[in-house]
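The values are calculated or read from the model by the stated rules, or taken from the named source; none is laboratory data. All values derive from a computational prediction rather than experimental measurement. Every residue, glycine among them, receives a Cβ derived from its backbone with ideal geometry; neighbour counts consider all protein chains shown.
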Amino acid sequence: MAAIITKNPIIFTAGTGVNIDNDGTEYTGENRLTVTIAIPQAVSTSSNVEFGGITLTRPFIIGNETKRIKLDSYGISGSFSLTGSLETPSDLNVSGSTTILGKVVAEAFILERSSSQTIQKSGSTLFGDVLNDRHDMSGSLTVSGSSISLNSYSITEISNDTSLSDSNASTVATENAIKSYTDTNANTVHTYFRKNYVHTGSFVNASTSSFTVVTASSPTGITDTSENDFFFFNNSQLMEYDALEIEQSGSKLLLKVNNSSIGYDLEAGDEVVAWGKFNS
């Protein structure tokens with residue numbers, strides 16, 4: 001039987017990812033030629049296929065109808081289970097939910113979808129990025145540490161000291177501490193301010209009058225009781241403060257008069273009256 005020889009030969013040429021053992025050989029039909037076309041790896045349904053890279057012009061689907069992954073130019077969609085490690089040199093964007101049963105280790109977690117939060121590897125956390133951000137929490141909050149900073153002002157303690165004796169500028173007092181302190185001390189202060197009694201003195205000498213009474217002691221934080229807390233009258237005339245001194249001597253209050261400054265001497269018949277902060 002005569003051989004059929006083609007006018008123009010058939011040439012088998014290998015392409016990208018395809019191997020041909022007689023690459024570039026011309027076949028005219030004059031002689032028998034066996035050409036083996038192969039790819040570097042098996043691609044049967046049970047094969048483990050590896051690609052150095054994929055350029056998609058159409059969606060690439062892995063899996064079956066019930067559980068599959070779709071790869072296209074927009075990303076990856078579908079559900080899949082990952083066994084082993086996943087490394088990405090760039091960003092990994094997930095549009096749905098992600099469930100991780102193990103640990104997530106990162107240099108920092110930055111949450112920006114509905115709020116701005118940064119969780120640092122060191123344990124520090126930054127909530128919000130502008131002053132008008134609002135953070136709502138439900139439930140209990142337990143904080144351990146040395147201080148709380150509010151507008152760069154440090155608060156180191158919430159104190160229940162009912163005496164408020166620490167005088168600590170970085171301590172916030174509880175409602176109980178303030179109420180107890182007020183109940184204990186406010187009445188004392190109010191009572192002191194309301195103490196105004198009248199007493200008549202007895203003649204001692206030309207420069208001294210004696211009152212059988214004790215002056216009221218001022219509470220802590222209030223200026224000590226002095227002659228400025230009293231009015232003294234001699235025969236209904238107000239006596240000048242600059243000429244007077246008072247001295248508590250046991251149960252007696254002594255009014256001492258500077259005769260030269262006031263311009264007269266006390267006499268036995270004078271009525272010297274004191275009005276001011278006496279205990280009773």
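Key figures for this structure:
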quantity	calculated
Residues satisfying the stated conditions in segment 189-241, i.e. hydroxyl-bearing (Ser, Thr, Tyr), out of contact with any strand residue (DSSP E or B) (no Cβ under 6 Å at 6 or more places or on another chain) and assigned to a loop (DSSP other than H, G, I, E, B)	Ser217, Ser218, Thr220, Thr223, Ser226, Ser236
Output for segment 242-280, where each listed residue is assigned to a loop (DSSP other than H, G, I, E, B) and under 60 Å from the mean Cα position of the chain (by Cα)	Gly250, Ser251, Lys277, Asn279, Ser280
Wholly within segment 28-100, strands (runs of 3 or more DSSP E) carrying at least 2 residues that are within 30 Å of Ile10 (Cα to Cα)	none
From Ser163, Ser149, residue being surrounded by fewer than 11 Cβ atoms within 10 Å (Cβ to Cβ) and outside any loop (DSSP other than H, G, I, E, B)	Ser149
Among (1) surrounded by 15 or more Cβ atoms within 10 Å (Cβ to Cβ); (2) touching a residue at least 24 places away in the same chain (Cβ under 8 Å) - the single one Tyr181 does not satisfy	(2)
Among residues of segment 47-69, those that are of a type outside the set (A, V, I, L, M, F, W, C) and under 25 Å from Thr16 (Cβ atoms), counted	9
Residues located in segment 196-211, provided they are touching a Phe, Trp or Tyr at 6+ places or on another chain (Cβ under 7 Å) and surrounded by 13 or more Cβ atoms within 10 Å (Cβ to Cβ)	Asn196, Tyr197, His199, Gly201, Ser209
Subset of segment 169-178 [surrounded by 12 or more Cβ atoms within 10 Å (Cβ to Cβ), closer than 22 Å to Ser146 by Cα and either assigned by TED's automatic domain parsing to the domain that holds Gly221 or of a type outside the set (S, T, N, Q) (or both)]	Val172, Ala173, Ala177
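Yes/no matrix, rows are residues, columns are (1) surrounded by 10 or more Cβ atoms within 10 Å (Cβ to Cβ); (2) under 30 Å from Ser124 (Cβ atoms); (3) in the same structural domain as Phe127 (by TED's automatic domain parsing); (4) not acidic (Asp, Glu):
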{"site": "Ala38", "(1), (2), (3), (4)": "yes, no, no, yes"}
{"site": "Ser81", "(1), (2), (3), (4)": "no, no, no, yes"}
{"site": "Ser90", "(1), (2), (3), (4)": "no, yes, no, yes"}
{"site": "Gly96", "(1), (2), (3), (4)": "no, yes, no, yes"}
